[in-house]
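Heads up: the structure comes next, in structure tokens.
The values are calculated or read from the model by the stated rules, or taken from the named source; none is laboratory data. Please read these numbers as outputs of a predicted model, since none were measured by experiment. We place every Cβ from the backbone using ideal geometry, glycine too, and count neighbours over all the protein chains shown.
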Amino acid sequence: MSLLKRVTVLAVIMAALIIPVAALSENAAGEASLRDNSVWVSKGFDDRTAGTVTVRVFNTESYPVQVSVSIVDIFSGATYASGNVTVPGNGSADLPLSFKIGAPGTYHVNVMIKGADVSPIQNQISNFEITVGRSIWSNTWTYIAIVIVLIIVGIFVFLRMRSAPKVDNAGEFTAMEAERKAGKKTSGAKKEEYKGRSKK
């Protein structure tokens, strides 16, 4: 075989090997991804109420892609929340994920996206921190303060009632009693008059 034929055969073999590898890497690279600052806490967390983490997914392809997004605890592997979002072509989409973490503290999570068009390199943001605060209603001192305020208000109302000027109702009562007795006498006189007329 001549040198020219050998080089041609070698070039054809190389091209045959390179095309599938390039196609696989193109397919694996995908176009949906997470970027820096594409995950943030949009509603704060505390130990009594749910918070919200918003994830922005980017798509540099011309067609829309659908991906699933999960927030997973780094240490326990527990999934706090997950959801699906369709990302338009050459655009981005925000997916808010709301969930509750019952104890205060700092939690480290992985934010991961999965889908046919997701790059294996860009499919997660690792070690995103979520800080869970303590609710004011989880504090004993809140209830103690409420009880103290109620006691102070009660004492204030009691003292105001005691220091208010007293109205003398005795005169009113005597007048009413006299009126009542006068009414009885009048009705008695009318009865007598009625009886007297009937005897005639």
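Within the range 65-87, take every residue that is more than 21 Å from THR49 (Cα to Cα), surrounded by 13 or more Cβ atoms within 10 Å (Cβ to Cβ) and not β-branched (Val, Ile, Thr) and give me the one that is farthest from the chain's Cα centre (by Cα).
The residue in question is GLN66.
Determine whether the range 43-51 contains at least one residue that is out of contact with any Cys (no Cβ under 6 Å at 6 or more places or on another chain), part of a helix (DSSP H, G or I) and either at pLDDT 90 or above or not hydroxyl-bearing (Ser, Thr, Tyr) (or both).
No, every residue in the range 43-51 fails to be out of contact with any Cys (no Cβ under 6 Å at 6 or more places or on another chain), part of a helix (DSSP H, G or I) and either at pLDDT 90 or above or not hydroxyl-bearing (Ser, Thr, Tyr) (or both).
Has the range 30-39 got at least one residue that is modelled with pLDDT of 95 or more, small (Gly, Ala, Ser) and part of a strand (DSSP E or B)?
No, the range 30-39 contains no residue that is modelled with pLDDT of 95 or more, small (Gly, Ala, Ser) and part of a strand (DSSP E or B).
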